[in-house]
Amino acid sequence: MKKSIHTDCSSAIMPVRDAIDVISGKWKLLILISISSGNHRFTEIQKSIPKITAKVLSNELKDLEQNKLIERKIIDGYPVMIEYNTSSYAETLGDVIKALRDWGINHRKKITGK
């Protein structure tokens, strides 16, 4: 029996929806890029991303940690230091981020003619 068009559509939509739920928003991918580029402390991450507020960054870091894309490391001392690192699981987004970057470059050229 041939699959219905509806079933085919649903099987494509649901996984995409799941992925978008995890990485959607204005900041999550930018935060992952920042951390993977060597910015591991909160202030370093915040300085590397123009216009992100401390409150938004804090919330996004918590969400990324819940989704196992980053790991939070507490370093004892005075004062206590916290570092963020991308997880090995986050590395699975590498090809997705590269594809989005490439698409963004081409899209900007298409729209601006430059």
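List of remarks:
- From 31, 23, residue being open to solvent by less than 50 Å² (accessible area, probe 1.4 Å), closer than 20 Å to residue 100 by Cα, at pLDDT below 95 and of a type in the set (A, V, I, L, M): 23
- Filtered residue count, region 74-114, keeping only those that are within 24 Å of residue 22 (Cβ to Cβ) and of a type in the set (Lys, Arg): 2
- In region 77-97, the residues that are under 19 Å from residue 60 (Cα atoms) and without any contact (Cβ under 8 Å) to a residue 24 or more places away in the chain form Cβ pairs under 7 Å with partners that are open to solvent by 90 Å² or more (accessible area, probe 1.4 Å) and charged (D, E, K, R), at six or more places apart or across chains, as follows: 87/68; 87/71; 89/68.
- Residues of region 21-31 that turn out to be in a helix (DSSP H, G or I), in contact with a helix residue (DSSP H, G or I) (Cβ under 9 Å, 6 or more places away or on another chain) and not hydrophobic (A, V, I, L, M, F, W, C), as a count: 1
- Residue count for region 59-106 satisfying the condition of being open to solvent by less than 100 Å² (accessible area, probe 1.4 Å) and within 14 Å of the chain's Cα centre (by Cα): 22.
The values are calculated or read from the model by the stated rules, or taken from the named source; none is laboratory data. Small disclaimer: the values here were computed from a predicted structure and weren't measured. For neighbour counting, all protein chains shown are included, and Cβ atoms are generated from backbone atoms with ideal geometry for every residue, glycine included. Note: areas computed on protein heavy atoms with side chains; ligands, DNA, RNA excluded. Shrake-Rupley method; radii C 1.70, N 1.55, O 1.52, S 1.80 Å.
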